[in-house]
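Structure first, then comments.
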Amino acid sequence: MRKLAASFFITLDGVVEEPQRWQGPYFDQEMGAELGAAMADTDAFVLGRVTYEEWAGFWPNQPPENPMATAMNSARKYVASTTLDSAEWENSSVLEGDVAEAVAALKREQGKDLQTSGSTTLVRSLLAADLIDELRLMIHPLIVGRGRRLFEEGDDYGLQLARSATLGSGVILATYELSPSMRAS
(Lines give C-alpha, C1' and ligand atoms only; values in the text may rest on other atoms or scores of the structure.)
Protein backbone atom coordinates (compact mmCIF):
# COMPACT_ATOMS: atom_id res chain seq x y z
CA MET A 1 0.00 0.00 0.00
CA ARG A 2 1.30 3.42 -0.93
CA LYS A 3 1.71 6.20 1.61
CA LEU A 4 0.23 9.64 1.10
CA ALA A 5 2.41 12.47 2.40
CA ALA A 6 1.29 16.09 2.66
CA SER A 7 4.24 18.45 2.22
CA PHE A 8 4.24 22.13 3.08
CA PHE A 9 6.46 25.13 3.48
CA ILE A 10 5.12 26.57 6.75
CA THR A 11 5.93 29.46 9.07
CA LEU A 12 6.22 29.32 12.85
CA ASP A 13 2.71 30.77 13.11
CA GLY A 14 1.33 28.01 10.87
CA VAL A 15 0.87 29.98 7.63
CA VAL A 16 1.17 27.97 4.42
CA GLU A 17 -0.41 30.42 2.00
CA GLU A 18 1.71 31.97 -0.75
CA PRO A 19 5.12 30.66 0.32
CA GLN A 20 6.59 32.40 -2.72
CA ARG A 21 6.11 35.66 -0.73
CA TRP A 22 8.21 34.59 2.27
CA GLN A 23 10.30 31.47 1.74
CA GLY A 24 12.71 32.74 -0.93
CA PRO A 25 15.51 33.82 1.44
CA TYR A 26 15.55 30.31 2.92
CA PHE A 27 15.61 28.37 -0.34
CA ASP A 28 19.14 27.20 -1.03
CA GLN A 29 20.94 24.16 -2.44
CA GLU A 30 20.46 22.25 0.80
CA MET A 31 16.68 22.72 0.68
CA GLY A 32 16.66 21.89 -3.02
CA ALA A 33 18.47 18.63 -2.27
CA GLU A 34 15.88 17.75 0.38
CA LEU A 35 13.04 18.41 -2.04
CA GLY A 36 14.79 16.30 -4.66
CA ALA A 37 15.17 13.43 -2.20
CA ALA A 38 11.45 13.59 -1.39
CA MET A 39 10.67 13.50 -5.11
CA ALA A 40 12.72 10.31 -5.49
CA ASP A 41 10.20 8.48 -3.28
CA THR A 42 7.17 9.91 -5.10
CA ASP A 43 5.70 9.02 -8.46
CA ALA A 44 2.36 10.83 -8.26
CA PHE A 45 0.79 13.97 -6.82
CA VAL A 46 -2.73 14.54 -5.57
CA LEU A 47 -3.51 18.23 -6.00
CA GLY A 48 -6.38 20.60 -5.44
CA ARG A 49 -7.52 22.66 -8.40
CA VAL A 50 -5.84 25.93 -7.38
CA THR A 51 -2.44 24.30 -6.78
CA TYR A 52 -2.78 22.29 -9.97
CA GLU A 53 -3.47 25.43 -12.01
CA GLU A 54 -0.55 27.30 -10.41
CA TRP A 55 1.87 24.43 -11.02
CA ALA A 56 0.55 23.75 -14.55
CA GLY A 57 1.25 27.38 -15.38
CA PHE A 58 4.79 27.19 -14.02
CA TRP A 59 6.50 23.78 -14.36
CA PRO A 60 5.90 23.09 -18.06
CA ASN A 61 7.57 26.44 -18.84
CA GLN A 62 10.80 25.62 -17.01
CA PRO A 63 13.89 24.53 -18.94
CA PRO A 64 14.25 20.75 -19.35
CA GLU A 65 17.71 20.85 -17.76
CA ASN A 66 16.00 21.79 -14.48
CA PRO A 67 15.77 18.38 -12.73
CA MET A 68 12.81 19.46 -10.59
CA ALA A 69 10.88 20.55 -13.69
CA THR A 70 11.58 17.22 -15.38
CA ALA A 71 10.41 15.34 -12.28
CA MET A 72 7.26 17.46 -11.88
CA ASN A 73 6.30 17.27 -15.54
CA SER A 74 6.80 13.51 -15.80
CA ALA A 75 5.06 12.61 -12.51
CA ARG A 76 1.41 11.54 -12.50
CA LYS A 77 -0.90 14.28 -11.26
CA TYR A 78 -4.40 13.61 -9.93
CA VAL A 79 -6.55 16.70 -9.53
CA ALA A 80 -9.36 16.93 -6.98
CA SER A 81 -11.82 19.39 -8.50
CA THR A 82 -15.54 19.84 -8.91
CA THR A 83 -15.06 22.56 -11.55
CA LEU A 84 -12.47 21.10 -13.95
CA ASP A 85 -13.59 18.68 -16.64
CA SER A 86 -10.07 17.93 -17.86
CA ALA A 87 -6.46 18.49 -16.88
CA GLU A 88 -4.22 19.36 -19.82
CA TRP A 89 -0.79 19.28 -18.15
CA GLU A 90 1.25 16.21 -19.11
CA ASN A 91 0.31 13.06 -17.11
CA SER A 92 -2.65 14.77 -15.39
CA SER A 93 -6.21 13.65 -14.82
CA VAL A 94 -9.18 14.83 -12.79
CA LEU A 95 -10.33 12.49 -10.02
CA GLU A 96 -13.90 11.39 -10.55
CA GLY A 97 -16.54 10.81 -7.90
CA ASP A 98 -15.86 11.03 -4.19
CA VAL A 99 -12.33 12.36 -3.65
CA ALA A 100 -11.71 10.37 -0.45
CA GLU A 101 -12.75 7.12 -2.19
CA ALA A 102 -10.62 7.96 -5.24
CA VAL A 103 -7.55 8.71 -3.09
CA ALA A 104 -8.07 5.56 -1.03
CA ALA A 105 -8.10 3.59 -4.31
CA LEU A 106 -4.86 5.31 -5.44
CA LYS A 107 -3.23 4.34 -2.14
CA ARG A 108 -4.13 0.68 -2.78
CA GLU A 109 -2.35 0.71 -6.16
CA GLN A 110 1.24 -0.38 -6.64
CA GLY A 111 3.84 2.35 -6.90
CA LYS A 112 5.93 4.81 -5.01
CA ASP A 113 4.45 7.19 -2.45
CA LEU A 114 1.80 9.75 -3.29
CA GLN A 115 2.33 13.36 -2.30
CA THR A 116 0.15 16.41 -1.98
CA SER A 117 1.40 19.92 -1.47
CA GLY A 118 -0.08 23.39 -1.27
CA SER A 119 -3.69 22.22 -1.29
CA THR A 120 -4.87 23.04 2.22
CA THR A 121 -8.57 22.41 1.62
CA LEU A 122 -7.81 19.05 0.05
CA VAL A 123 -5.35 18.11 2.80
CA ARG A 124 -7.86 19.00 5.52
CA SER A 125 -10.48 16.78 3.89
CA LEU A 126 -7.98 13.92 3.49
CA LEU A 127 -6.87 14.32 7.12
CA ALA A 128 -10.50 14.10 8.23
CA ALA A 129 -10.85 10.90 6.17
CA ASP A 130 -7.69 9.44 7.78
CA LEU A 131 -5.95 9.19 4.41
CA ILE A 132 -2.81 11.24 5.15
CA ASP A 133 0.04 9.05 6.45
CA GLU A 134 2.70 11.74 6.92
CA LEU A 135 2.99 15.48 7.27
CA ARG A 136 6.31 16.70 5.87
CA LEU A 137 6.80 20.21 7.10
CA MET A 138 9.58 22.64 6.22
CA ILE A 139 9.18 25.00 9.17
CA HIS A 140 10.59 28.42 8.32
CA PRO A 141 11.94 30.59 11.13
CA LEU A 142 9.62 33.52 10.63
CA ILE A 143 6.17 34.77 11.54
CA VAL A 144 4.15 36.37 8.77
CA GLY A 145 1.07 37.20 10.83
CA ARG A 146 -1.52 36.65 8.12
CA GLY A 147 -2.51 34.07 5.56
CA ARG A 148 -4.14 30.70 5.38
CA ARG A 149 -2.99 28.23 7.97
CA LEU A 150 -2.67 24.50 7.62
CA PHE A 151 -4.80 23.80 10.69
CA GLU A 152 -7.97 25.50 11.81
CA GLU A 153 -9.52 25.93 15.21
CA GLY A 154 -11.04 22.62 16.25
CA ASP A 155 -8.61 20.43 14.30
CA ASP A 156 -7.56 17.54 16.50
CA TYR A 157 -4.72 15.26 15.42
CA GLY A 158 -2.14 13.30 17.33
CA LEU A 159 1.21 13.13 15.59
CA GLN A 160 4.41 11.22 16.09
CA LEU A 161 7.72 12.74 15.04
CA ALA A 162 9.36 10.31 12.61
CA ARG A 163 12.31 12.40 11.39
CA SER A 164 13.73 15.85 11.90
CA ALA A 165 16.71 17.88 10.76
CA THR A 166 17.73 21.50 10.79
CA LEU A 167 19.09 23.09 7.64
CA GLY A 168 21.82 25.70 7.69
CA SER A 169 19.20 28.36 6.87
CA GLY A 170 17.39 27.58 10.14
CA VAL A 171 14.52 25.76 8.41
CA ILE A 172 13.45 22.70 10.37
CA LEU A 173 12.46 19.63 8.41
CA ALA A 174 9.93 17.66 10.43
CA THR A 175 8.13 14.53 9.29
CA TYR A 176 5.19 13.50 11.43
CA GLU A 177 3.30 10.25 11.11
CA LEU A 178 -0.47 10.12 11.47
CA SER A 179 -2.85 7.28 11.97
CA PRO A 180 -6.49 7.02 13.01
CA SER A 181 -5.38 5.65 16.39
CA MET A 182 -3.35 8.82 17.01
CA ARG A 183 -6.36 11.13 17.14
CA ALA A 184 -5.87 13.45 20.10
CA SER A 185 -9.47 13.11 21.22
Scanning the stretch 69-98 for residues that are in contact with a Ser or Thr (Cβ under 9 Å, 6 or more places away or on another chain) and open to solvent by less than 40 Å² (accessible area, probe 1.4 Å) gives Ala71, Ala75, Lys77, Tyr78, Val79, Ala80, Ala87, Ser92, Ser93, Val94, Leu95
Looking at this structure, is Phe45 under 23 Å from Gly168 (Cβ atoms), in contact (Cβ under 8 Å) with a residue 40 or more places away in the chain and either touching a helix residue (DSSP H, G or I) at 6+ places or on another chain (Cβ under 9 Å) or of a type in the set (S, T, N, Q) (or both)?
no
When restricted to Glu65, Glu30, the only residue open to solvent by 60 Å² or more (accessible area, probe 1.4 Å), touching a residue at least 60 places away in the same chain (Cβ under 8 Å) and of a type in the set (Asp, Glu) is Glu30
Given the condition basic (Lys, Arg), farther than 27 Å from Leu178 by Cβ and open to solvent by 20 Å² or more (accessible area, probe 1.4 Å), answer yes or no: does some residue in the stretch 43-57 qualify?
no
Scanning the stretch 167-185 for residues that are assigned to a loop (DSSP other than H, G, I, E, B), modelled with pLDDT of 85 or more and closer than 16 Å to Ala128 by Cα gives Leu178
The residue that is least open to solvent (accessible area, probe 1.4 Å), considering only those in the stretch 139-159 that are among the hydrophobic types (A, V, I, L, M, F, W, C) and in contact with a helix residue (DSSP H, G or I) (Cβ under 7 Å, 6 or more places away or on another chain), is Leu150
Assess whether Thr42 counts as being within 21 Å of Leu127 (Cβ to Cβ), more than 17 Å from the chain's Cα centre (by Cα) and among the polar types (S, T, N, Q). no
Within the stretch 5-36, the residues that are closer than 19 Å to Leu135 by Cβ, among the small types (Gly, Ala, Ser) and more than 14 Å from the chain's Cα centre (by Cα) are Gly14
Conditions (1) modelled with pLDDT of 95 or more; (2) on the phi > 0 side of the Ramachandran plot; (3) of a type outside the set (Ser, Thr, Tyr) -> Lys77 fails only (2)
Of the residues in the stretch 79-101 that are in contact with a strand residue (DSSP E or B) (Cβ under 8 Å, 6 or more places away or on another chain) and hydroxyl-bearing (Ser, Thr, Tyr), the one that is nearest to Pro60 (Cα to Cα) is Ser92
Among the residues of the stretch 99-125, the number that are open to solvent by 50 Å² or more (accessible area, probe 1.4 Å), of a type outside the set (Lys, Arg), within 15 Å of Ala6 (Cα to Cα) and in contact (Cβ under 8 Å) with a residue 60 or more places away in the chain is 1
Contact list, first residue from the stretch 142-164 and without any contact (Cβ under 8 Å) to a residue 40 or more places away in the chain, second anywhere and small (Gly, Ala, Ser) and surrounded by 15 or more Cβ atoms within 10 Å (Cβ to Cβ), beta-carbon distance below 7 Å, six or more apart or interchain, is Leu161/Ala174; Ser164/Ala174
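The values are calculated or read from the model by the stated rules, or taken from the named source; none is laboratory data. All of these numbers come straight from a predicted model, not from anything done at the bench. Here the Cβ is made from the backbone with ideal geometry for all residues, glycine too, and neighbour counts use every protein chain on show. The area values use the complete protein model at the heavy-atom level, side chains included, leaving out ligands, DNA and RNA. Shrake-Rupley method; radii C 1.70, N 1.55, O 1.52, S 1.80 Å.
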